[in-house]
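Note sheet for the following structure.
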Amino acid sequence: MEYKVIKAVNPRDPKGKKVYRAKLVKQRGLNYDDLTLQLVRGNKKWHLMSRQILMMLRFLVAQEMREGREVRIEDFGTFYPSVKSVNKDSKRKAGDGAIKAIKIGFRPAGWLKKEVNGSRLRLERASDKE
């Protein structure tokens, strides 16, 4: 993983002074084709079918979360819907109008967290352009 050092306002103290912190440099992600080719190890015969399965999974996850349900994919993690809302001083005011956004969260399975944070993790500082 590559990271860069940025100067930004501390999110916990928006009125405070700017501080330096590390931020990951975004890398190109995998698309359906990349992912399915990885899954089937280049076997073209299974490529289309695995792509269709991933697309069906995408629709099923979205459908379940629209209904307010968590989707737990065993040994991978859990997708869950949540809301971001404005604080109000009464229960009556904290209704639909107070909701700013519907958010999607993901809690990775324990092994996945360990794998990403594990001993094989390589952090490299990106070259400064200045």
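The values are calculated or read from the model by the stated rules, or taken from the named source; none is laboratory data. The shown structure was predicted, so the numbers you read here are calculated from the model rather than taken from an experiment. Quick reminder, even Gly has a Cβ in these numbers, built from the backbone with ideal geometry, and neighbours come from all protein chains shown.
What about F79, is it surrounded by 12 or more Cβ atoms within 10 Å (Cβ to Cβ), under 18 Å from I104 (Cα atoms) and either over 17 Å from the mean Cα position of the chain (by Cα) or not acidic (D, E) (or both)? Considered against the rule, which asks whether it is surrounded by 12 or more Cβ atoms within 10 Å (Cβ to Cβ), under 18 Å from I104 (Cα atoms) and either over 17 Å from the mean Cα position of the chain (by Cα) or not acidic (D, E) (or both), F79 comes out as yes.
Inspect all residues belonging to segment 49-57 and state whether any of them is surrounded by 12 or more Cβ atoms within 10 Å (Cβ to Cβ), in contact with a strand residue (DSSP E or B) (Cβ under 9 Å, 6 or more places away or on another chain) and closer than 30 Å to K4 by Cα. The answer is no, given that none of the residues of segment 49-57 is surrounded by 12 or more Cβ atoms within 10 Å (Cβ to Cβ), in contact with a strand residue (DSSP E or B) (Cβ under 9 Å, 6 or more places away or on another chain) and closer than 30 Å to K4 by Cα.
If the condition is being without any contact (Cβ under 8 Å) to a residue 24 or more places away in the chain, of a type outside the set (V, I, T) and under 26 Å from K113 (Cα atoms), then segment 75-102 contributes S82, K84.
Comparison of K23, K93 shows that the only residue that is within 30 Å of V9 (Cβ to Cβ), modelled with pLDDT of 80 or more and among the charged types (D, E, K, R) is K23. Considered as a group, the residues in segment 1-15 that are assigned to a strand (DSSP E or B) and of a type in the set (K, R) include one that is surrounded by the fewest Cβ atoms within 10 Å (Cβ to Cβ), and that residue is K7.
Only one of the listed residues (K18, K88) is more than 21 Å from the chain's Cα centre (by Cα) and exposed (fewer than 12 other Cβ atoms within 10 Å of the Cβ). That residue is K18. Taking E64 as the residue in question, decide whether it is surrounded by 12 or more Cβ atoms within 10 Å (Cβ to Cβ), among the charged types (D, E, K, R) and free of Cβ contacts under 8 Å to residues at least 12 places away in the same chain. Yes, satisfied. Total residues in segment 91-125 satisfying the condition of being closer than 30 Å to V5 by Cα, surrounded by 10 or more Cβ atoms within 10 Å (Cβ to Cβ) and of a type in the set (A, V, I, L, M): the figure is 4. With the requirement that a residue be more than 19 Å from the chain's Cα centre (by Cα), within 21 Å of P108 (Cα to Cα) and not hydrophobic (A, V, I, L, M, F, W, C), what does segment 29-66 give you? Across segment 29-66, the qualifying residues are T36, Q38. Exactly one residue out of D128, D34 is under 24 Å from M1 (Cα atoms), surrounded by 10 or more Cβ atoms within 10 Å (Cβ to Cβ) and among the acidic types (D, E): that is D34.
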